[in-house]
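Below are the structure tokens for one structure; questions will follow.
The values are calculated or read from the model by the stated rules, or taken from the named source; none is laboratory data. Predicted model, so just to flag it, every value in this text is computed and none were measured. For neighbour counting, all protein chains shown are included, and Cβ atoms are generated from backbone atoms with ideal geometry for every residue, glycine included.
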Amino acid sequence: MTVLPIDILEKLAAGAEQADRDTAWPITAWEALRVAGALGWSIPREYDGAGLSPVEILSGLEDIAAACLTTAFALSQREAAIRHLLKGPLPLRERYLPRLARGEISMTVGLSQLTTSRQHQGPALVATLLPAGRVQLDGEIPWVTGADHSAGIVVGATLPDASQLLLVLPTDRVADQIDSPLQLASLGGSRTSLVHCRGVIIEPDEILTGPAESVLGKSGGGGLETSCLAIGLASAAIRYLRAEVTARPTLDEMTSRFESTLQSLRLRLHELAGAADPDRTLALRTDATWLVLRVTQAALMVAKGVGFVAPHPVQRWARQAQFFLVWSCPRPVAEGVLAKLASE
Ligand SMILES: Cc1cc2nc3c(=O)[nH]c(=O)nc-3n(C[C@H](O)[C@H](O)[C@H](O)COP(=O)(O)OP(=O)(O)OC[C@H]3O[C@@H](n4cnc5c(N)ncnc54)[C@H](O)[C@@H]3O)c2cc1C
């Protein structure tokens with residue numbers, strides 16, 4: 001299923017190396033997505049969106065990831081914010097969703113402090129309940145992609161009794177508290193930053209969920225989008241291998257095996273779309289990570305020294321595959337991948 005026109009994907013692919021290496025926000029790719037209507041895919045029609053099905057959205061995201069992982073990653077963080085808004089109160093949906101669908105604003109998430117970041121320490125971001133339903137935030141949001149290009153951040157914070165809150169933090173309230181983008185090993189254009197919160201006040205109508213225990217549910221950081229992006233990157237590397245088979249038929253058997261694994265992972269991804277099945281979601285995430293690591297290494301080996309020289313795409317894919325070892329990687333996934341890495 002191809003959701004985006006080929007010329008848009010080609011435009012994204014043409015900017016992929018720069019988007020990966022520079023810390024400039026990938027404006028050209030973002031504008032191409034806006035023109036193609038992709039910014040409205042996951043937003044219902046009543047809020048000016050396109051209301052695509054979960055499988056259509058995942059198919060589109062996979063194609064974007066194959067063309068430019070940096071753009072797909074930034075988009076996936078916006079999509080996560082949209083998913084939380086859709087489960088939130090009507091006034092917040094009406095405030096943000098139509099403008100998101102039209103591409104007038106973007107949003108992002110800062111949730112990992114509840115799931116996969118700093119879990120061995122005390123809460124990174126503390127919420128204090130104030131009179132009249134207001135909330136004060138103090139601490140740090142360690143990872144926020146596109147923070148300085150977003151109108152709001154969907155944030156998770158912890159109360160003194162260990163219950164959690166999800167809320168929308170309008171970015172103008174922390175404009176001077178967003179650190180410079182981190183110098184990343186890849187995906188530089190995602191402009192991922194740490195955001196400080198010092199006595200930031202959140203109004204009652206900016207609260208999405210909670211206070212409650214584990215507001216993000218069992219799978220926490222391991223949603224379907226991470227697997228979808230891994231599958232997209234793997235498919236780019238496999239397409240490269242398939243093209244090489246023409247001149248090097250000995251690569252055919254290995255490439256066919258990778259293709260078959262890719263296809264079965266894609267089927268599992270689409271089966272899980274719209275269904276809440278944390279265990280199968282985490283298992284898919286482990287398997288997708290394992291495939292993208294192996295296939296990008298295989299592509300590098302096949303491309304040999306030439307592939308190690310920028311801007312050859314295989315050097316980028318091999319670096320980007322490592323991102324799936326650290327991004328939104330909950331404990332069961334980390335344990336599963338580490339066990340595979342440690343096996344003989
Ligand atoms: C490029 C990038 C973009 C991201 N964007 C976002 C985003 O937009 N939104 C979002 O919510 N999240 C985002 N994340 C966060 C991501 O999902 C993970 O939460 C994050 O990568 C976890 O890494 P950490 O260093 O924070 O983990 P930590 O667990 O905090 O580990 C940091 C260090 O703590 C030490 N340590 C870890 N565990 C233990 C332990 N048990 N005992 C003792 N010491 C320990 C180790 O020295 C480790 O290096 C992003 C991550 C990356 C890399």
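Identify, from the list Ala321, Ala334, Ala273, the residue that is within 26 Å of Thr145 (Cβ to Cβ) and without any contact (Cβ under 8 Å) to a residue 24 or more places away in the chain.
Details: Ala321 fails: without any contact (Cβ under 8 Å) to a residue 24 or more places away in the chain; Ala273 fails: without any contact (Cβ under 8 Å) to a residue 24 or more places away in the chain.
Exactly one of Ala321, Ala334, Ala273 is within 26 Å of Thr145 (Cβ to Cβ) and without any contact (Cβ under 8 Å) to a residue 24 or more places away in the chain, namely Ala334.
Please verify whether the range 284-302 includes one or more residues that are exposed (fewer than 13 other Cβ atoms within 10 Å of the Cβ) and among the charged types (D, E, K, R). Give the steps one after another, and end with the answer.
Step one: filter the range 284-302 for residues exposed (fewer than 13 other Cβ atoms within 10 Å of the Cβ), giving 301.
Subsequent filtering for residues that are among the charged types (D, E, K, R) retains none.
No; the residues of the range 284-302 include none that is exposed (fewer than 13 other Cβ atoms within 10 Å of the Cβ) and among the charged types (D, E, K, R).
Taking only the range 123-162 into account, find how many residues are assigned to a loop (DSSP other than H, G, I, E, B) and either within 9 Å of the ligand (Cβ to nearest atom) or in the same structural domain as Phe323 (by TED's automatic domain parsing) (or both).
Residues flagged as assigned to a loop (DSSP other than H, G, I, E, B) and either within 9 Å of the ligand (Cβ to nearest atom) or in the same structural domain as Phe323 (by TED's automatic domain parsing) (or both) within the range 123-162 amount to 2.
So which residues in the range 1-21 are closer than 17 Å to His312 by Cβ and either without any contact (Cβ under 8 Å) to a residue 40 or more places away in the chain or buried (at least 20 other Cβ atoms within 10 Å of the Cβ) (or both), if there are any at all? So that I can check it myself, show each step before the final result.
Keep residues of the range 1-21 that are closer than 17 Å to His312 by Cβ, which gives 13-21.
Those that are closer than 17 Å to His312 by Cβ and either without any contact (Cβ under 8 Å) to a residue 40 or more places away in the chain or buried (at least 20 other Cβ atoms within 10 Å of the Cβ) (or both): Ala14, Gly15, Ala16, Ala19, Asp20.
For residues in the range 319-329 being touching a helix residue (DSSP H, G or I) at 6+ places or on another chain (Cβ under 7 Å) and buried (at least 24 other Cβ atoms within 10 Å of the Cβ), which is nearest to Gly223 (Cα to Cα)?
Going through the qualifying residues, I end up with Ser328.
Can you tell me how many residues in the range 92-126 are in contact (Cβ under 8 Å) with a residue 40 or more places away in the chain and either over 17 Å from Pro181 (Cα atoms) or not hydrophobic (A, V, I, L, M, F, W, C) (or both)? Spell out how you get there, then give the answer.
Taking the range 92-126 as the starting set, the residues that turn out to be in contact (Cβ under 8 Å) with a residue 40 or more places away in the chain are 92-94, 96-103, 105-116, 125.
Retained after the next criterion (residues that are either over 17 Å from Pro181 (Cα atoms) or not hydrophobic (A, V, I, L, M, F, W, C) (or both)): 92-94, 96-103, 105-106, 108, 110-116, 125.
Going through the range 92-126 one residue at a time, the tally reaches 22.
Another one. Being of a type in the set (Lys, Arg) and closer than 25 Å to Ala230 by Cα is the filter here, so list the residues in the range 70-116 that pass it.
Step one: filter the range 70-116 for residues of a type in the set (Lys, Arg), giving 78, 83, 87, 93, 95, 99, 102.
Hits for the range 70-116 are Arg78, Arg83.
Same structure, new question: With the checklist (1) surrounded by fewer than 19 Cβ atoms within 10 Å (Cβ to Cβ); (2) in contact (Cβ under 8 Å) with a residue 24 or more places away in the chain; (3) part of a helix (DSSP H, G or I) in hand, flag the one item Ser214 doesn't pass.
Evaluating Ser214 over (1) surrounded by fewer than 19 Cβ atoms within 10 Å (Cβ to Cβ); (2) in contact (Cβ under 8 Å) with a residue 24 or more places away in the chain; (3) part of a helix (DSSP H, G or I) leaves (3) as the failure.
Kindly provide the set of residues from the range 73-115 that are within 15 Å of the chain's Cα centre (by Cα) and charged (D, E, K, R), ordered by number.
Of all residues in the range 73-115, those within 15 Å of the chain's Cα centre (by Cα) come to 73-84, 106-112, 115.
Once the filter is applied, which keeps residues that are within 15 Å of the chain's Cα centre (by Cα) and charged (D, E, K, R), the range 73-115 yields Arg78, Glu79, Arg83.
Can you list the helices (runs of 4 or more DSSP H) lying wholly within the range 235-327 that have 1 or more residues being acidic (Asp, Glu)?
Values: elements: 252-272, 278-307, 313-321.
Once the helices (runs of 4 or more DSSP H) in the range 235-327 are filtered for at least 1 residues that are acidic (Asp, Glu), what remains is 252-272, 278-307.
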